[in-house]
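First the structure, in the form of structure tokens, and then the observations on it.
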Amino acid sequence: MQVLSAVQSLYHDFDVARQAAANQWLMKFQRERAAWQVANDILSSENVFGAQLELQHFAAQTLRRKVYDHLDELAPEERNALMHALLMHARKFSYGPPQLLKQICLALAGLALQCSEWGNPVEHLLNSSGITVSADNPEGIDGGPPALELLTVLPEEGLDDKAGKPVTSKRKKEFHEQLLSQRERVLELLVLRARKMDANAQAATTERRNILRCLLSWVRIDVFSGFAATVLASHPLVTFAFESLQGHQTQVFEEAVEVLVELITRIEGLPRLLISKVLPLKDALLVPALLTHNEVVVNGLCRLMAELGQAVPAVIAEATTETLALSDAMLRCVILWKSNWEIVQSGLPFWSAIAVHILSLPSTSEHRQRAMAAFKPMYTSLLDGLVVRLQIDDPEDCKAGNGKVSLPDGLVDFRYNVEEALTNICRLLGPIPFLSQLLRGVEHWSAPGATTWQSVEAKLYVIQLVVEEVLLDGQHPAELVPLMQFIVSLPSNPLPVPDYAVPLVHKSAAEVVGAYAEWLCSYPSAALPLLSFLALGLSSSISTSACATALRKVCEEVKVVVQGPTAVEGLLHIGERLHTLPLSLAEERDVLCAIGKVLSAAPRGPCLLQAAQRLFQSVQNALEELLDLPMEKSPSRQQSGSSSQVAYAMAQEAAVRALNRLAAICSDVLAPPNGCLKDDDPMLSVLTVAWPLLERLLTSAHAADSGIAAGICRCLIEAMNATGQKFAPLLQPFLTAMASAFTSLRAHACFIKAAAAAIQEFGSDPKFASTAIEILRTFSQAEVAKSLSTRQGCDAEPEIAEQYMRLMTTFIVQCPRDVLVAVEGLLEVAITRAAACASSSHRLAAPQAFSFLSAIYEVAAKPLSKDGAAVQPATASDALLNVCIRTGPAVMSGIVHALLGLHPVGKLPKISKVFELQCALCFRKTGGDFGGGLAILQTWIASALHALPPGVLVPGEAEMVLLRWMESLAADQRRLVLGPLPLNTERPAIGGRTVGMGQMDSSLRCVLREFIENHRYTTLQ
């Protein structure tokens, strides 16, 4: 038998190729119509041994899959026959194997879900299976399949939303109603089976678990909807679930917890009544489980009690004997459980829900005062317990194999998830009592044996976490003064901290300083000592980020205090040795920003120049060191791993960091606060020295490196932003060198981005025109730019495509019209490239291409008078109009390809705008003849549609699409004549009323969206 041979090969053949071939053959077989009969025959066979168990499992899976994928192959009478055959197989495999029985029952459930022609398929299936309910027949089976398995999978299949199931939402709703129509039968069956358990302990455990599984499935489809909470609280099945929590195997316990949790979350009024049923579990189960470290029981009970608290926080907050006992049980889970964080975390929503409810009560109400009096001691204990759980249990867990130190991943996740609970505890206790609880004995933390470094680190983490609550409404509590004094003393503190853990404590302390920088305004005397502490923390890679951020925040908040000569000198000393510290580029910028905040109030004279020169010295040294290295020592010319290669790599990395520091000096340290520079400003003095170095670097082969190129461009952009027009003398030769480097060394996208920034700043200046034209010509004629003439080329160089289109857009918007005419040929080439880029799969390149098209079309489409006559156009607009008309067919082709490409709906607003501007261009070209303009547009659309690859459109569809689009354009004649209007422009009136923006573009966008929907699964090669 070929199926048996393939199954045996799939499961037992050691040859991977034969296994794969067998798998492919079996998958193909499952799609054949003959598989129905073959699978049925296999399950009907009496020869059950060895490998045939796998064969029968495959047969059951085949029937289940075909029920969902190929049921339309069977006529109604064949479907009914299939149901009876599956019921027969279910009887045969009543006692196993379990997975085989489950597959058969899933196939039956799939039939019931899809065979709506049976009237009520659920009732039909249950009747056909012989499921009956009577005291004499507690099994609920009369020659039929096991009732529990079938009744379990029926609701599960109805709830399953897996993709690919051929079931509508309407049918699912009907199926849900049909399931609930049988709930009396199902509940009676479950009650009878629960009352009469098998005498055999193992069989009884299996039966109990199966009953709970079945009950859970039906609870999830609201089988108890309409039941009064008082009735349900004493229902036999609820009692059965509580009984199943005690003295049974793990799987039974977990199923019982799931059932009760579902009931609590679904049945209003029930949680309050279940509190009295849950309380006995505290002494019977929870306390012993905590003592014996039974994780399953503690986790299940904690989750159950947490759900009760979240469901009825108002009831818990009444502070009755029962609810306080329940809260005490939850508190024990936090304080006594030490094994992992998950159990503690699962109970946190309980405490958050109660705290939020208590705080929502009127502040003067007796209810709130009683609740606060009862729960404050608990929340204080909870805070102490959480601080313990937030500590690093085993210091060895902090040591990574690479010699670095970090918090364990589990603790990091726990700290993230505990934030909301700690914030709510702070709100309930009040910020001052909260801080007082954490800072008890802070004056003596340095004393031997007073505390541990793990406790200090955890408390520092909690204090920075609740900063918003502590500083709420401008409060600056004095309780933080001793803490800041302790932080200042940490470097010389006798606190017993192992060397590897010092950075962790310093990191948490720096985070506190950064978070409470605003607080320092009220206690300025603490600022200077804290700056020294933060400076020391910059030497460790663990604490650098926190210290750099805190340094910036402190200088921002209390810059008046830290502007003294001592602080300035200290900060400049840090700035001078930044290249020796283990800081990232972002961290270096934080430090330089801090220096800039302090120097911002200094006069822009000799002192500032001296400070800038000191900061620039390390930059100059790093750049000169790289420039002094001959290119023979570059990595590309050395053997891998050689000392010369290592030396070059180090020099190159140092230069990249230096360039980024120079950019930060320009933007954060030397930039004038008012944007105005004098000719002798320190900023210009520094740039005069720096710029020749950058030009040398730009024209050297070192600029082929992407990091060097990006650093140079960042310096250029920041320098232009800081100096404005004063930068012009340095700019023009530099841009020429940059354009040359783009063509001769390596085509970095950042070069184009920097050129666009220069044109943005200087494009309107007539003196800059020749430089702008030369830059545009150089970039446009580069080989990589020529490759953008196809969609494939744009996808191969998406960043180049994006930045090139951004450059062209900036050029169109910023440069005078006579400059645009001078580069008419380059603009025509750019439009054809934009047409190709319009269908690019890159998320930014295509939108930028449409932005460029909109920009040049808006310049070319000169507005018309209200009577429709064309205003006398300027020469520049005429030239651009002719360029746009010549490239119109290519752009229309790009639009069609974009509609058929990836993510067209997101591009639709830009596509429709370009489409409408094309209409305005055609109308203007014909001198105001709307019909003539539409004729030009119709030719473009027809050409674009007919040029599509075979198979994209069905025969005759191109003509239908063309007709539909032209009808839409004709209907929008008035709007298209005027062209798209800016958002703040007064809307034209049609028929005596003003037309809204949504109404104006609805017709065209509607047909374009319709085209997209009709070709959602079309793929263009």
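The values are calculated or read from the model by the stated rules, or taken from the named source; none is laboratory data. In this text, all values refer to a predicted model and were calculated from it rather than measured experimentally. Every residue, glycine among them, receives a Cβ derived from its backbone with ideal geometry; neighbour counts consider all protein chains shown. With ligands, DNA and RNA removed, areas are computed over all heavy atoms of the protein, side chains included. Shrake-Rupley method; radii C 1.70, N 1.55, O 1.52, S 1.80 Å.
Candidates 572, 585: the one that is of a type in the set (A, V, I, L, M) and open to solvent by 40 Å² or more (accessible area, probe 1.4 Å) is 585.
Quick check on residue 275: is it touching a Pro at 6+ places or on another chain (Cβ under 6 Å) and open to solvent by less than 70 Å² (accessible area, probe 1.4 Å)? The answer is no for residue 275. Contact map, region 237-257: first residue in a helix (DSSP H, G or I), second residue of a type in the set (Asp, Glu), Cβ cut-off under 9 Å, separation 6 or more or different chains; pairs are 241/255; 256/243.
Across region 518-534, a minimum of one residue is classified as in the same structural domain as residue 566 (by the TED database), open to solvent by less than 40 Å² (accessible area, probe 1.4 Å) and touching a Gly at 6+ places or on another chain (Cβ under 9 Å). Tell me whether region 592-613 contains one or more residues that are in contact with a helix residue (DSSP H, G or I) (Cβ under 6 Å, 6 or more places away or on another chain), part of a helix (DSSP H, G or I) and loosely packed, with under 15 Cβ neighbours inside 10 Å. No.
Scanning region 1-28 for residues that are of a type in the set (Gly, Ala, Ser) and touching a Ser or Thr at 6+ places or on another chain (Cβ under 6 Å) yields a count of 1.
Summed over region 359-394, residues that are among the acidic types (Asp, Glu) and more than 38 Å from the chain's Cα centre (by Cα) total 1.
Counting only residues that are out of contact with any Leu (no Cβ under 8 Å at 6 or more places or on another chain) and not in a helix (DSSP H, G or I), region 480-522 holds 9 of them.
On the basis of being of a type outside the set (Gly, Ala, Ser), in a loop (DSSP other than H, G, I, E, B) and in contact with a Lys or Arg (Cβ under 8 Å, 6 or more places away or on another chain), does residue 223 make the cut?
Working: of a type outside the set (Gly, Ala, Ser): yes; in a loop (DSSP other than H, G, I, E, B): yes; in contact with a Lys or Arg (Cβ under 8 Å, 6 or more places away or on another chain): yes.
Yes.
Of the residues in region 1-40, how many are acidic (Asp, Glu) and within 27 Å of residue 108 (Cα to Cα)? So the count comes out to 1.
Residue 453 fulfils the conditions (1) modelled with pLDDT of 90 or more; (2) surrounded by fewer than 22 Cβ atoms within 10 Å (Cβ to Cβ) except for a single criterion, (1).
Looking across region 456-480 at every residue that is open to solvent by 40 Å² or more (accessible area, probe 1.4 Å) and more than 12 Å from residue 515 (Cα to Cα), the one that is nearest to the chain's Cα centre (by Cα) is identified as 472.
Residue pairs whose Cβ atoms lie under 8 Å apart, separated by 6 or more positions or on different chains, with the first residue in region 368-391 and touching a residue at least 12 places away in the same chain (Cβ under 8 Å) and the second of a type in the set (Lys, Arg) and in a helix (DSSP H, G or I), are 387/459; 390/415.
Has region 529-547 got any residue that is in a helix (DSSP H, G or I), out of contact with any His (no Cβ under 7 Å at 6 or more places or on another chain) and over 30 Å from residue 653 (Cβ atoms)?
Restricting attention to region 529-547, the residues satisfying the condition of being in a helix (DSSP H, G or I) are 529-537, 544-547.
Keeping just the survivors that are out of contact with any His (no Cβ under 7 Å at 6 or more places or on another chain) gives 529-536, 544-547.
Still in the list and also over 30 Å from residue 653 (Cβ atoms): 529-530.
There is at least one residue in region 529-547 that is in a helix (DSSP H, G or I), out of contact with any His (no Cβ under 7 Å at 6 or more places or on another chain) and over 30 Å from residue 653 (Cβ atoms).
Here the condition is being in contact with an Asp or Glu (Cβ under 8 Å, 6 or more places away or on another chain) and modelled with pLDDT under 95; of 740, 764, 770, 787, it holds for 787 alone. Across region 881-906, the number of residues qualifying as in a helix (DSSP H, G or I), open to solvent by less than 40 Å² (accessible area, probe 1.4 Å) and modelled with pLDDT under 90 comes to 1. Among all residues of region 7-22, there is none that is in contact with a Pro (Cβ under 9 Å, 6 or more places away or on another chain), at pLDDT below 85 and assigned to a helix (DSSP H, G or I).
Test residue 1016 against the stated conditions and say whether it is of a type in the set (Lys, Arg) and either more than 24 Å from residue 923 (Cβ to Cβ) or at pLDDT 90 or above (or both). Before you say what the answer is, go through the steps one by one.
Values: of a type in the set (Lys, Arg): yes; either more than 24 Å from residue 923 (Cβ to Cβ) or at pLDDT 90 or above (or both): yes.
Yes; evaluated as a whole, the condition is true for this residue.
Just to be sure before I move on: is residue 149 modelled with pLDDT of 85 or more, over 13 Å from residue 172 (Cα atoms), part of a helix (DSSP H, G or I) and open to solvent by 20 Å² or more (accessible area, probe 1.4 Å) in the structure I sent?
Values: modelled with pLDDT of 85 or more: yes; over 13 Å from residue 172 (Cα atoms): yes; part of a helix (DSSP H, G or I): yes; open to solvent by 20 Å² or more (accessible area, probe 1.4 Å): yes.
Yes: the conditions hold for residue 149.
For region 543-564, a residue qualifies if it is over 19 Å from residue 520 (Cα atoms) and surrounded by fewer than 22 Cβ atoms within 10 Å (Cβ to Cβ), and exactly one does: 545.
Every condition in (1) in contact with an Asp or Glu (Cβ under 6 Å, 6 or more places away or on another chain); (2) among the hydrophobic types (A, V, I, L, M, F, W, C); (3) within 25 Å of residue 323 (Cα to Cα) holds for residue 270 except the one numbered (1). Inside region 47-100, residues that are in a loop (DSSP other than H, G, I, E, B), surrounded by fewer than 16 Cβ atoms within 10 Å (Cβ to Cβ) and either touching a strand residue (DSSP E or B) at 6+ places or on another chain (Cβ under 7 Å) or not hydroxyl-bearing (Ser, Thr, Tyr) (or both) make up a count of 8. Of all residues in region 784-818, how many are more than 37 Å from the chain's Cα centre (by Cα) and surrounded by fewer than 20 Cβ atoms within 10 Å (Cβ to Cβ)? The qualifying residues number 3. Of the residues in region 491-504, at least one is more than 26 Å from residue 382 (Cβ to Cβ), open to solvent by less than 30 Å² (accessible area, probe 1.4 Å) and under 33 Å from the mean Cα position of the chain (by Cα). Pairs are defined by a Cβ separation below 8 Å, a sequence spacing of at least 6 or placement on different chains, a first member in region 167-186 that is more than 17 Å from residue 111 (Cα to Cα), and a second member that is at pLDDT 90 or above and charged (D, E, K, R); the pairs so defined are 180/222. Residue count for region 424-445 satisfying the condition of being surrounded by 17 or more Cβ atoms within 10 Å (Cβ to Cβ) and hydroxyl-bearing (Ser, Thr, Tyr): 0.
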